[in-house]
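Q: Before I ask anything, here is the structure I am working with.
The values are calculated or read from the model by the stated rules, or taken from the named source; none is laboratory data. Since the structure is predicted, the reported quantities are computational estimates derived from the model, not experimental observations. No Cβ is skipped: glycine too gets one built from the backbone with ideal geometry, and neighbour counts run over all protein chains shown. Accessible surface areas use protein heavy atoms only, side chains included; no ligands, DNA or RNA. Shrake-Rupley method; radii C 1.70, N 1.55, O 1.52, S 1.80 Å.
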Amino acid sequence: MASIGGAAAVSSTRFDVRERAVADAPLSVRVYPGPVPLRAWVRYGFDGVRRDWPPPFRDGLAAVEGALEQVLAYARERSRLESVEVRVERGEPVRFPLSAAPLSSEAVVPELETVLEVFGDRLRERNALTGRTCNLLLCWSPFNYRVGYGGTLPPNAQVGDETDGSTGDAQTVANLGATEVWDSRAVSRNMAIHEAVHTFLSPDIVEAVGGSTCDHDLGTAIRVDDETMAVSPMATAYAGPDEIGGGTRWHGRGCADHDRFHRHDGYEGVEEWTYTTELSDATLEAVTRYFEREAGSREGG
């Protein structure tokens, strides 16, 4: 578990580092950096070591902020979400108590469910749950096949959902150690966005927008030229063939149907895969509707 804990927080313009539970808190994404092993710090020339935010984590956080800015820009161009506030914040360190874990495969290579459960426990201990926050853990665990590139699980998979024992907050993990080691910084940025956006999508809205309940199908895979494919965040890890090296090094294990993608130009003859942080129109619309519903439920309550 040493590769999926937390690191120190730093202040930055437009980011609030305080953790608080406020009943009328705005919708937010709070990003928590995990501990980074020495070999990774060497990889990045110890850039950011004093504050425990290596370049991939910083870029992932910035990518999430940029994605939410895209949603608000899309909505406000259409005179929607004009009074809705959405924040991106840097969270305090999250560290897992290794001494309390028995010596087992779970202690060394924990399941995604275990990671999310312990992450949620730490958030509750801090009284950091607001009922309207996506809590995103950035971890460095390149060889943890059980976590893969990341993910989230019920009952804490959607922001604002208080059914089935959920707190209303969501917990999700983006394994940027895996994307950095096996893929590229562009994939790291997209997977940080991918896992955060998951928590602002529900099957009913996704189906209404895209005709499928699978939110990966909101993504796009667009040919830039005959041999180059550009993949948007929600399609990342799902746009290529289901095989090793099919786009990303490892294919996603969730749902996806290329025929139902917002746009998929086919991957025959593709030699180069590129990754754009631009959300598809379908993703922008679906997240906008989710924000509208959340804003309406708070006003109504």
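Q: Of all residues in segment 218-258, which are in contact with a helix residue (DSSP H, G or I) (Cβ under 8 Å, 6 or more places away or on another chain) and part of a strand (DSSP E or B)?
A: Thr220, Ala221, Val231
Q: Looking only at segment 36-54, how many residues end up being under 18 Å from Gly150 (Cβ atoms) and part of a helix (DSSP H, G or I)?
A: Residues flagged as under 18 Å from Gly150 (Cβ atoms) and part of a helix (DSSP H, G or I) within segment 36-54 amount to 1.
Q: On the basis of being out of contact with any Pro (no Cβ under 8 Å at 6 or more places or on another chain) and farther than 29 Å from Trp140 by Cβ, does Asp169 make the cut?
A: no
Q: What is the residue count in segment 269-300 for residues that are part of a helix (DSSP H, G or I), touching a residue at least 12 places away in the same chain (Cβ under 8 Å) and either among the small types (Gly, Ala, Ser) or open to solvent by 30 Å² or more (accessible area, probe 1.4 Å) (or both)?
A: Counting residues in segment 269-300 that are part of a helix (DSSP H, G or I), touching a residue at least 12 places away in the same chain (Cβ under 8 Å) and either among the small types (Gly, Ala, Ser) or open to solvent by 30 Å² or more (accessible area, probe 1.4 Å) (or both) gives 9.
Q: Something else now. Out of the residues in segment 160-195 that are among the hydrophobic types (A, V, I, L, M, F, W, C) and in contact with an Asp or Glu (Cβ under 7 Å, 6 or more places away or on another chain), which is farthest from Gln70 (Cα to Cα)?
A: Out of the qualifying residues, it is Val173.
Q: Going through Gly211, Gly219 one at a time, which residue ends up being open to solvent by less than 10 Å² (accessible area, probe 1.4 Å), touching a residue at least 12 places away in the same chain (Cβ under 8 Å) and small (Gly, Ala, Ser)?
A: None of the other options fit; the residue is Gly219.
Q: Next question, about the same structure. Given the criterion hydrophobic (A, V, I, L, M, F, W, C), buried (at least 16 other Cβ atoms within 10 Å of the Cβ) and either modelled with pLDDT of 85 or more or over 29 Å from Gly219 (Cβ atoms) (or both), identify the matching residue among Ala73, Ala2, Ala107, Ala9.
A: Ala9
Q: For segment 225-256, which positions are among the small types (Gly, Ala, Ser) and either open to solvent by less than 20 Å² (accessible area, probe 1.4 Å) or within 17 Å of His194 (Cβ to Cβ) (or both)?
A: Of everything in segment 225-256, those that are among the small types (Gly, Ala, Ser) and either open to solvent by less than 20 Å² (accessible area, probe 1.4 Å) or within 17 Å of His194 (Cβ to Cβ) (or both) turn out to be Ala230, Ser232, Ala235, Ala237, Ala239, Gly240, Gly246, Gly247, Gly252, Gly254, Ala256.
Q: Here is a further query. Could you please find all residues in segment 153-175 being among the aliphatic types (A, V, I, L, M) and either under 17 Å from His251 (Cα atoms) or crowded, with 21+ Cβ neighbours inside 10 Å (or both)?
A: Val159, Ala170, Val173, Ala174
Q: Go through segment 63-96 and give me each residue that's hydrophobic (A, V, I, L, M, F, W, C) and either part of a loop (DSSP other than H, G, I, E, B) or in contact (Cβ under 8 Å) with a residue 24 or more places away in the chain (or both).
A: Ala63, Val64, Ala67, Leu68, Val71, Ala75, Leu81, Val84, Val86, Val88, Val94, Phe96 - these are the residues of segment 63-96 that are hydrophobic (A, V, I, L, M, F, W, C) and either part of a loop (DSSP other than H, G, I, E, B) or in contact (Cβ under 8 Å) with a residue 24 or more places away in the chain (or both).
Q: Test Gly266 against the stated conditions and say whether it is at pLDDT below 95 and surrounded by fewer than 13 Cβ atoms within 10 Å (Cβ to Cβ).
A: In short, no.
Q: Can you tell which of Leu81, Leu38 is touching an Asp or Glu at 6+ places or on another chain (Cβ under 7 Å), over 23 Å from Thr114 (Cα atoms) and at pLDDT 90 or above?
A: Of Leu81, Leu38, the one residue that is touching an Asp or Glu at 6+ places or on another chain (Cβ under 7 Å), over 23 Å from Thr114 (Cα atoms) and at pLDDT 90 or above is Leu81.
Q: Additional query: For segment 119-152, give me each residue that is surrounded by 20 or more Cβ atoms within 10 Å (Cβ to Cβ) and assigned to a helix (DSSP H, G or I).
A: Phe119, Arg122, Leu123 - these are the residues of segment 119-152 that are surrounded by 20 or more Cβ atoms within 10 Å (Cβ to Cβ) and assigned to a helix (DSSP H, G or I).
Q: Next question. Which residues, taken from segment 176-192, are farther than 13 Å from Gly245 by Cα and open to solvent by 10 Å² or more (accessible area, probe 1.4 Å)?
A: Glu180, Val181, Arg185, Ala186, Arg189
Q: A further question follows. Of the residues Arg30, Arg58, which single one is open to solvent by less than 10 Å² (accessible area, probe 1.4 Å), basic (Lys, Arg), within 24 Å of Val147 (Cβ to Cβ) and modelled with pLDDT of 95 or more?
A: Selected residue: Arg30, the only one of Arg30, Arg58 that is open to solvent by less than 10 Å² (accessible area, probe 1.4 Å), basic (Lys, Arg), within 24 Å of Val147 (Cβ to Cβ) and modelled with pLDDT of 95 or more.
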